[in-house]
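Heads up, the thing below is written out as structure tokens.
The values are calculated or read from the model by the stated rules, or taken from the named source; none is laboratory data. Keep in mind that this is a model prediction, so the values were computed, not measured. Cβ placement follows ideal geometry from the backbone for every residue including glycine, while neighbour counts extend to all protein chains displayed. Note: areas computed on protein heavy atoms with side chains; ligands, DNA, RNA excluded. Shrake-Rupley method; radii C 1.70, N 1.55, O 1.52, S 1.80 Å.
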Amino acid sequence: MAAIRIAVVGMGKIARDQHLPSIAGNTEFELVASVSPRDPGVEGVANFKSLEALLADGPAIDAIALCTPPQVRYSLAAMALDKGLHVFLEKPPGATLAEVDALEAQAAQTGATLFAGWHSRFAAGVAPAKAWLADRRIDRVSIVWREDVRVWHPGQAWIWEPGGLGVFDPGINALSIATEILPEPFFLASATLSTPANRAAPIAADLAFRSASGTPITMDLDWRQTGPQSWDIVVDTDAGTLRLARGGAVLTLPEGSSEHDDAEYAGLYARFAALVRDGRSEVDTTPFTLVADAFLRGTRVSVAAFDD
Ligand code: NAP
């Protein structure tokens, strides 16, 4: 089968750190173009300032990977689907739930593949954690995602704006893992969102969820963490404690630990290729729904102004 000719749209941090190397490492894809308002692009690859310009004057493509901030994702995805192109959406899949639903319906109509990628679900410990938990009684779950925003998101103004999600930008990764590994669905019970006086999005959040059978799930998100960073999920069960650390890379079970090299984006691109080959879409908005519910239902607290 011919390689899928792909353009990367939004040449920022994640495009350069992960998408370009993963495309280069997967023979099912060929990078034929990049799109970004200011980025100089990749040597030897056609570069455009806008998706409109690529679609009007660029080389033939089969697919795009959308690595822009979420606030502009819908219109770009809709434009690509309108041309029959397959679309890989970085997480979160949009700025609102309804626009993602609209994209899913559009993809179904055109027959193109729409893939809402959740990279943390491809962390090495996630599939074995899911398998281990499948038969257990879950007693409680604790999620602690504490990182230093100055280290991980320097100068990203969009992340503080409406639709940028603030601390839920990393927090949604934790929810993408929890919704994947826990055998039962869960929903929000209460939340407190702490938003700096000079920003539109929260810098920290405390959340309580529970499953339909009553399992308590707590989540502690904080972007003001200096020193050691935490991306940990601890699940207490009737057979002992499961710990997923480093964002899903390290799995510790009562019988021992395992750790593997980061292959999240290699896994995402393998899944995208399989979906395109099979003519299917994959759009799971569950993590995004839980975040939207936190904004809908949470108590707002104003905290000290924050400057980068
Ligand atoms: P970023 O560094 O700010 O990059 C976003 C890029 O999008 C910018 O370089 C900007 O290009 C480009 N852009 C903005 N509007 C555009 C448009 N209309 N058309 C084409 N390009 C446009 O952000 P990021 O960290 O890479 O994050 C992007 C997305 O990936 C977010 O949804 C984020 O949640 C997700 N993500 C990020 C990480 C991470 O570690 N950073 C990890 C996983 C997922 P110019 O610079 O050319 O203006």
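Figures for the structure shown
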read-out	value
Within the chain, helix-based [θ] at 222 nm, where runs of 4 or more DSSP H residues each add -39,500 (n - 2.57), nearest 500	-8500 deg cm²/dmol
Coarse-grained scattering of the chain at q = 0.07, 0.14 Å⁻¹, given as base-10 log I(q)/I(0) from a Debye sum over alpha-carbon atoms	-0.28, -1.11
Unit charges on C-beta of K, R, D, E only; dipole of the range 4-116, Debye	240
Stokes-Einstein translational diffusion, the range 4-116 - Kirkwood Rh over all Cα pairs, 0.692 mPa s, 37 °C, in µm²/s	237
Rel. contact order, % - alpha carbon contacts under 8 angstrom, at least six apart, the range 4-116	23
Accessible surface, the range 4-116, averaged per residue in Å² (probe 1.4 Å)	42
Candidates Ala60, Ala95, Ala78, ranked by Gaussian network fluctuation over the chain, Cα under 10 Å, top entry	Ala60
Relative contact order %, the chain, counting alpha carbon pairs below 8 Å whose residues are six or more apart	20
Chain lengthening between Ser230 and Asp261 when straightened (0.36 nm per residue, less Cα-Cα)	9.4 nm
The range 184-266 - convex hull of alpha carbons, volume per residue in Å³	152
Alpha-carbon Rg/Rh ratio, for the range 121-254, with Rh computed the Kirkwood way	0.99
Inter-probe distance in nm under a simple model that places probes 7 Å from Cα toward Cβ, at Lys83 and Glu30	1.7
Inter-label distance for Asp101 and Arg297, nm, one decimal - labels placed 7 Å from Cα along Cα-to-Cβ	1.8
